[in-house]
Amino acid sequence: MTLRDIAALINARIDADVSDGGLEIRRVAKIEEAGEGDITFLANPKYIRHLATTNASAVIVANALKDIPPREGRGPALLRVQDPYLSFVRVLAAFNPPPDPVAPGIHPTAVVASSARLGRDVRIAAYAVVGERVVVGDGAMIGPHAAVGDDVTIGPGSLLYSHVTVREGCHIGARVILQPGAVIGSDGFGFAPRKDGSYDKIPQMGIVVIEDDVEIGANTTIDRATMGETRIGRGAKLDNLIQIAHNVTIGPHTVIAAQTGVSGSTRIGANCVIAGQVGFAGHLEIADRTMIGAQSGLHRSITTPGEQWFGYPAMPARQARPMLSREDSSTASPVGRDTDRMAGMRARAAFWTSS
Amino acid sequence: MTLRDIAALINARIDADVSDGGLEIRRVAKIEEAGEGDITFLANPKYIRHLATTNASAVIVANALKDIPPREGRGPALLRVQDPYLSFVRVLAAFNPPPDPVAPGIHPTAVVASSARLGRDVRIAAYAVVGERVVVGDGAMIGPHAAVGDDVTIGPGSLLYSHVTVREGCHIGARVILQPGAVIGSDGFGFAPRKDGSYDKIPQMGIVVIEDDVEIGANTTIDRATMGETRIGRGAKLDNLIQIAHNVTIGPHTVIAAQTGVSGSTRIGANCVIAGQVGFAGHLEIADRTMIGAQSGLHRSITTPGEQWFGYPAMPARQARPMLSREDSSTASPVGRDTDRMAGMRARAAFWTSS
Amino acid sequence: MTLRDIAALINARIDADVSDGGLEIRRVAKIEEAGEGDITFLANPKYIRHLATTNASAVIVANALKDIPPREGRGPALLRVQDPYLSFVRVLAAFNPPPDPVAPGIHPTAVVASSARLGRDVRIAAYAVVGERVVVGDGAMIGPHAAVGDDVTIGPGSLLYSHVTVREGCHIGARVILQPGAVIGSDGFGFAPRKDGSYDKIPQMGIVVIEDDVEIGANTTIDRATMGETRIGRGAKLDNLIQIAHNVTIGPHTVIAAQTGVSGSTRIGANCVIAGQVGFAGHLEIADRTMIGAQSGLHRSITTPGEQWFGYPAMPARQARPMLSREDSSTASPVGRDTDRMAGMRARAAFWTSS
């Protein structure tokens, strides 16, 4: 890609003494390791000194970045944008299109019901099973050994990896990603006690609806509703090994880290950030933009949006800190200091730091 | 179904000014939403006022219900039973037979060993694999991509959903339900340390026995015994993503919510109710009818039957409440009040409330 | 096997009044239950009285064991070794070779890319899928419905059970065991927030490397790195339903019990013992030989090797005990006493006790 192509992709202004935008960019790299033909980024002004020494051909920086250090010879082209990190992620994605583990077309071993309707450019892998009346949108991928039940719909551009199950009647939106082993539409856990201590199974007649742009992690399980729907809102991101019980609703753009469990009928709002191994009792309402620390236990509703909660049982962070320091001053400050980090630990933009 | 059919099904007395039991019932519904031809139920006398206004054709009520409010015109037929909720669940199940995701017969792509013995009306789905000397009972279902190892037995009427694994030698009883991705008979986690800090694998030579009428949730894992058996007692219900280690015994009719883990050789009694994300250390004995709150950590045996425990480390509820209130009175009462609810949160009859 | 064969296997000295090493041993058994032709072991001198009564033909005992009780008639042959338990495990393994759930050769239904290179004596089961350019070492097993992505390498002698996923580009060492449903190489959980509260997916371009002699439990998930590697060190043992996030490193011979989760970029040292349901925040460094109690929450690094930690938030055991006893003396001593046991509860040599 040329510098000009990249600038157009991320809506950047080229701020450079390079004569034109025709410079060829071949790779993305860390600022310390970048060489000729590489593009990198600088998000934190604290590291501005690297601009004096980097060998990168181009660096994505903030519109507002000032005091560029002087250097000998010609420095890198600067691409000015509002959010350098996000722009860099987009360049990175452009240079690294997602792997395409399934070849184009329908593998001869796939079992596709004759009543299924497949869009254009659908890829179906070896040993996938697609049930009656399934609708698969344009460009969707169904991985090896995926099992798609009768009457399921899968939106355009969605990716179902190996061993995914989508049971009968569930709806998967557009551009949804289901990592390997995810189970959508297993029976909710509902039983009516008999006098003798044994149980009748309560029929689980509802479905699961997964809206557009959701990602569901490996081996995560989402139960179908008793009646009606279990619903994962658009843009929500669920990590691995999460349990979502029947009739739960997860709001749009909420992020949930691994091994968290949500009990039946709880409604979690939009734009929440929930760390790993958190547990929610049933029938709660969690306000929008709530942040919850790792391993917390929620047993009552949260009505004020935008608060931070943590602990077992969970309490608002502003309340928990002094209490912890009363108990043991040696652990109080780290807990207080790290709350934000734990809550957002997997959700935040952790690109370089995690690589 | 006619009113008379339903009365016979749930052993009800028809208490009505309808002239006969020939009334045709076509649907089940909530009491506020029910119309002509619908049946509903009233379990909580607090809502008795609905009997004056519901348009349902029939309502299941308790034998003991009194003070039926007067109403204009002809009210619904009343079906008198001992337990209206349980009876309603049975009517619901009769109107909603479980989905039948697998067509009758043996799919041509299923790989069934010639030494396997299949009962009558067995359904085996596409790409299922059934090993040597496997015995499958009448009416059992083996879902797509299920892998049934050599020498496994599967009782009549059992349902194995997609991607279930039952490894070699394990026994599955009658009417057992294994949700998608459940793993039965993986190796127990046993290693003998060597002097240099590395480990020898201890052979895991036992099996798993799952008794009649058990349900196992999606992606739950049950390890085979080192020697002897890991055993899940009849009627027990295990939710999703649960870990059962080698040589564990779960008693009959015990209910365990999602993401709980039970360490090796622990024995849990009968009719216990265990909430989600609970952990049990190894080699414990848990008495019958114990109830354990969500996220508790059990590191010692419980010898008195019928108690409620919770916390990390777990303690009896009667002991935990005052301690919590000493620490922080603002959280004490909710915890106290909600203990019962958390313990039973997924196990109780949560039909309307969760829909 | 003859007594002499067994002695050679475990490097034992035969200490017996049996005339020769030609005695035929046919079975392993518990010391109380052993009969003629059986071999057993005695690790704990506390049970030395059993030597006077056992009917075993041979008993593995410590070199140092003294004061053998007198008995009438001829007692068992004694095999003297340094570590009777470990030696016994090896004899047990020799008598019980791991089950071989997959027949020799390549099942006709397996889909193996023509560019894949298979070693000698490779077994590939029904409906396994093996991608382009995959390399499979001598004697490796690929179970039913396993999905091996393009460019994966699998070392000699490794066992992949049913429904295992190894996504594109990952490396599996020699003698690795992947229990059913394990997912290796799912996308790391990384998203860059946009101004409007939605997220861009950060490409996950790295891989997973699993070194030699590792065992991974059923339905455990190990995410690929954002860039670079997620790495599981040689000899490490991971139980079921564990979550390992992107860019994590687990040191050699570290043991982790079920349902533990490790957040992104955390590095755990060598020879650690981590109990079940533990959570680690991201970007931590955990020193070698650390032991961590069940359900602990780690949110800061541990720099001193060989310590015991537990609690939420985790603290060193030496610090936690007095604090717990201050709070509630009735629970203090069991917690203190059981800490070692909880930390090591699944890792220790738990053969007879767990059978």
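The values are calculated or read from the model by the stated rules, or taken from the named source; none is laboratory data. Model, not experiment: these values are computed from the prediction. Reconstructed Cβ throughout: ideal geometry from the backbone, glycine too, with neighbour counts over all protein chains shown. Surface areas here come from the heavy atoms of the whole protein model, side chains and all, with no ligands, DNA or RNA. Shrake-Rupley method; radii C 1.70, N 1.55, O 1.52, S 1.80 Å.
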>> Condition check: more than 25 Å from B:Pro193 (Cβ to Cβ) and in contact with a helix residue (DSSP H, G or I) (Cβ under 6 Å, 6 or more places away or on another chain). Does C:Ile14 satisfy that?
In response: yes
>> Testing B:Asp239 on (1) within 20 Å of C:Ala275 (Cα to Cα); (2) touching a residue at least 60 places away in the same chain (Cβ under 8 Å), one condition comes back false. Which one is that?
In response: (1)
> Is one or more of the residues making up region B:12-21 of a type in the set (Ser, Thr, Tyr) and open to solvent by less than 20 Å² (accessible area, probe 1.4 Å)?
Replying inline: no
>> If I ask for residues that are in a loop (DSSP other than H, G, I, E, B) and more than 11 Å from chain B (Cβ to nearest Cβ), which ones from region A:239-257 would you list?
In response: A:Asp239, A:Gly251, A:Pro252, A:His253, A:Thr254, A:Ala257
> If a residue has to be outside any strand (DSSP E or B) and over 24 Å from C:Met227 (Cα atoms) to count, how many in region C:258-280 make the cut?
Replying inline: 8
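Residue-wise test of (1) within 14 Å of chain A (Cβ to nearest Cβ); (2) open to solvent by 50 Å² or more (accessible area, probe 1.4 Å).
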position	(1), (2)
C:Arg90	no, yes
C:Pro101	no, yes
C:Val111	yes, no
C:Ser115	yes, no
C:Ala128	yes, no
C:Val134	yes, no
C:Ala140	no, no
>> Tell me which strands (runs of 3 or more DSSP E) are completely within region B:190-238 and hold 3 or more residues being open to solvent by 10 Å² or more (accessible area, probe 1.4 Å), or say none if there are none.
In response: B:199-201
> Does A:Glu24 fit the bill of being under 16 Å from A:Phe88 (Cβ atoms), touching a helix residue (DSSP H, G or I) at 6+ places or on another chain (Cβ under 9 Å) and open to solvent by 60 Å² or more (accessible area, probe 1.4 Å)?
Replying inline: no
>> Looking at region B:182-210 only, could you name the residues that are among the acidic types (Asp, Glu) and farther than 27 Å from A:Ala182 by Cα?
In response: B:Asp196, B:Asp200
> If we scan region C:155-169, do we find a residue that is surrounded by fewer than 21 Cβ atoms within 10 Å (Cβ to Cβ) and at the interface with chain A (Cβ under 7 Å from one of its Cβ atoms)?
Replying inline: yes
> Among the numbered criteria (1) at pLDDT 50 or above; (2) buried (at least 20 other Cβ atoms within 10 Å of the Cβ); (3) facing chain A (nearest Cβ under 9 Å), which single criterion is violated by B:Ser354?
Replying inline: (1)
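Name the residues in region C:1-19 that are of a type in the set (Ser, Thr, Tyr) and in a loop (DSSP other than H, G, I, E, B), would you? Even if it seems obvious, please write down each step before you answer.
Residues of region C:1-19 that are of a type in the set (Ser, Thr, Tyr), as a first pass: C:2, C:19.
Within region C:1-19, just C:Ser19 meets the criteria.
Here's the yes/no breakdown for (1) without any contact (Cβ under 8 Å) to a residue 40 or more places away in the chain; (2) facing chain A (nearest Cβ under 8 Å); (3) of a type in the set (Val, Ile, Thr):
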site	(1), (2), (3)
C:Gly185	yes, no, no
C:Phe189	no, yes, no
C:Arg194	yes, yes, no
C:Ser198	yes, yes, no
C:Lys201	yes, yes, no
C:Ile216	no, no, yes
> With C:Arg49, C:Arg71 as the choices, which residue is open to solvent by 70 Å² or more (accessible area, probe 1.4 Å) and at pLDDT below 85?
Replying inline: C:Arg71
>> Against the condition open to solvent by less than 70 Å² (accessible area, probe 1.4 Å), on the phi < 0 side of the Ramachandran plot and among the hydrophobic types (A, V, I, L, M, F, W, C), how does C:Ala94 come out, does it pass?
In response: yes
>> Condition check: touching a His at 6+ places or on another chain (Cβ under 7 Å) and modelled with pLDDT of 90 or more. Does A:Leu65 satisfy that?
In response: no
> Restricted to region C:273-285, and to residues that are more than 24 Å from B:Thr260 (Cβ to Cβ) and open to solvent by less than 10 Å² (accessible area, probe 1.4 Å), which residue is nearest to the other protein chains (Cβ to nearest Cβ)?
Replying inline: C:Gly282
> Taking C:Asp151 and the conditions (1) surrounded by fewer than 24 Cβ atoms within 10 Å (Cβ to Cβ); (2) facing chain A (nearest Cβ under 10 Å); (3) on the phi < 0 side of the Ramachandran plot, which numbered condition does it fall short on, given that it satisfies the others?
Replying inline: (3)
>> Restricting to region C:28-41, name every residue that is modelled with pLDDT of 90 or more and either open to solvent by 50 Å² or more (accessible area, probe 1.4 Å) or in contact with a Lys or Arg (Cβ under 7 Å, 6 or more places away or on another chain) (or both).
In response: C:Glu36, C:Gly37, C:Asp38, C:Thr40
> Do you know which residues across region C:247-264 are surrounded by 24 or more Cβ atoms within 10 Å (Cβ to Cβ) and among the small types (Gly, Ala, Ser)?
Replying inline: C:Ala257, C:Ala258, C:Gly261, C:Ser263, C:Gly264
>> As an exercise: evaluate A:Arg175 against (1) on the phi > 0 side of the Ramachandran plot; (2) in a strand (DSSP E or B) and give the number of the one condition it does not meet.
In response: (2)
> Quick one: would you say B:His283 is in a loop (DSSP other than H, G, I, E, B) and either farther than 24 Å from B:Gln204 by Cβ or in contact with an Asp or Glu (Cβ under 9 Å, 6 or more places away or on another chain) (or both)?
Replying inline: no
